[in-house]
1. Pull up region 22-52, narrow it to residues that are in contact with a strand residue (DSSP E or B) (Cβ under 8 Å, 6 or more places away or on another chain) and hydroxyl-bearing (Ser, Thr, Tyr), then point me to the one that is nearest to SER231 (Cα to Cα).
2. Taking region 396-428 as the search range and keeping residues that are surrounded by fewer than 20 Cβ atoms within 10 Å (Cβ to Cβ) and touching an Asp or Glu at 6+ places or on another chain (Cβ under 8 Å), which one is farthest from PRO252 (Cα to Cα)?
3. Within region 380-437, track down each residue that is farther than 20 Å from TYR355 by Cα, of a type in the set (A, V, I, L, M) and part of a loop (DSSP other than H, G, I, E, B).
4. Identify the residue in region 24-45 that is of a type in the set (Val, Ile, Thr) and closer than 23 Å to VAL72 by Cβ and, among all such residues, is surrounded by the most Cβ atoms within 10 Å (Cβ to Cβ).
5. With the checklist (1) assigned to a loop (DSSP other than H, G, I, E, B); (2) touching a residue at least 24 places away in the same chain (Cβ under 8 Å); (3) surrounded by 13 or more Cβ atoms within 10 Å (Cβ to Cβ) in hand, flag the one item MET362 doesn't pass.
6. Quick one: in region 303-347, of everything that is aliphatic (A, V, I, L, M) and loosely packed, with under 15 Cβ neighbours inside 10 Å, which residue is nearest to the chain's Cα centre (by Cα)?
7. Criterion first (under 21 Å from the mean Cα position of the chain (by Cα) and under 24 Å from PRO56 (Cβ atoms)) does LEU217 satisfy it?
8. Looking at region 227-249, which of the residues that are part of a loop (DSSP other than H, G, I, E, B) and modelled with pLDDT of 95 or more is farthest from GLY200 (Cα to Cα)?
Amino acid sequence: MDTTYLVEIRLSRTKWRIKKTIEEIGQLFGVSEWTELHPHVTLYGPLILREGVTDPQMLDAIGTAAARFDPVPFLLEGWEKRDGMHGSVIAFSVQPSESLRQLTRDIATVLAPLTESQNTYDADPDRKWFHVTIANRLSSAQASAVYRGLTGIGEISGGQEPVPRESPGLLRRFLPGPLTVTVPAEKNRSIPPLLLDETGIRITVMKEMTILAEYDLIEKRWFPAGHRHSSEPWRRALVRYRHHAGLEHRDPEPPHPDDIFVIADLHLGHANIIRYCSRPFLFADCREMDHVLIKNWNYSLGPKNRIYYLGDLRYGPAAGTAAEYRRKLRGDIVFIRGNHDDDMAGIAGSVEIGYDGMKFLMIHDPADAPEGYAGWVIHGHHHNNDLRHYPFISFTGRRVNVSAEVVGYRPISLREIVRLIGERGASGDLSPVLLRP
């Protein structure tokens, strides 16, 4: 029997969140035995090697194609259902970047002469379905029931399914055909649709059920071992990724002396936040996370720059005291109370300031802002857990989310915020900005 291979990108930062969501869906809808154990985006395959082609030849071809690519970003957003030869699939929608699309094309080009693919998309990669499988090999009735429960669509009485709810400017969902099974719409309240940013750091080649090798898109070389996301090689890969993506300062960046900065939700000492909010650190290694977040803060500010800290400085029994962390942070700090903060001397519930002709309300939870506030609300609290409603910049809501994950784990200046709002406003494009550029 021929050996089967698969070329994929396994999830990295979002792996825990996605696996947890898959488990919840499996349990809620009774499809656990068909759920995906290792969430990934397929780049090519499943495939078999043509006669005479060896594993090293295949890896060399992939490495040649991948060498000109840096880590490839993409978004995970909402749900999809498709029917195939081996049953129906429920999946997370993936909105690929152009670099991910081109990487897929190039890998298809170099592998076509060496392999026989069992995936029809590989012959025409421009039509490729980018997704992360939740459950596959389902009956059409099972998949339809799960899909209807997840999208919140009620009972279907025949004809085409109504269009699922979606956010403007995000990935359009695939629309399946008529449904035949009724699932109470209230089930979707338990699992809201995710909207998460992810980045492919390594290309994984599977040989049957085992990892053959992984190609690191930063180091430009193959790793035959060290694939576990709890390993030291993976920790070093995350360090390289943070440096490459600008999420960890390597040197101080002297600011303008008049700059005013904002950031929220550092959650220093909180190991579980790494999983909950898909932070680019080895799970449970909050010491490294704390070191990077404090360094990013101190490398962004001068000693006299003012910074408004919008709540939730530390969390959990393993964390240091607020006073200990305050002593490590430079700048003229104005602390605003978050829901996880203890009372500290001088801490405020909210602060209103004017800057460059604009009015800003600094507050932790935007729900606590006055209804109909005439200026812009700068807030934290939501992290990157609800980017659909609380993106970095919401022009319709006149809100700016400065949770650490959303602004790149480093303080952002009001000068930069005002510039971004002005540029987008002048262009007439009022769609949300999900993350700090």
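The values are calculated or read from the model by the stated rules, or taken from the named source; none is laboratory data. Computed from a predicted structure; not experimentally measured. Here Cβ is always computed from backbone atoms with ideal geometry, including for glycine, and neighbour counts include all displayed protein chains.
1. Selected residue: THR42.
2. Of all residues in region 396-428, those surrounded by fewer than 20 Cβ atoms within 10 Å (Cβ to Cβ) come to 396-398, 408, 415-416, 418-428.
This time we only want the ones that are touching an Asp or Glu at 6+ places or on another chain (Cβ under 8 Å), so: 415, 418.
Working: ARG415: 18, VAL418: 23 Å.
Within region 396-428, the match that is farthest from PRO252 (Cα to Cα) is VAL418.
3. If the condition is that a residue be farther than 20 Å from TYR355 by Cα, of a type in the set (A, V, I, L, M) and part of a loop (DSSP other than H, G, I, E, B), then LEU387, ALA404, VAL406, LEU430, LEU434, LEU435 are the ones that fit.
4. If we filter region 24-45 for residues that are of a type in the set (Val, Ile, Thr), which is where we start, we get 25, 31, 35, 41-42.
Cutting the leftovers down to closer than 23 Å to VAL72 by Cβ gives us 41-42.
On the way: VAL41: 23, THR42: 21.
Result: VAL41.
5. (1) is the only condition that MET362 fails.
6. Ranking the qualifying residues of region 303-347, first place goes to ALA318.
7. yes
8. HIS249
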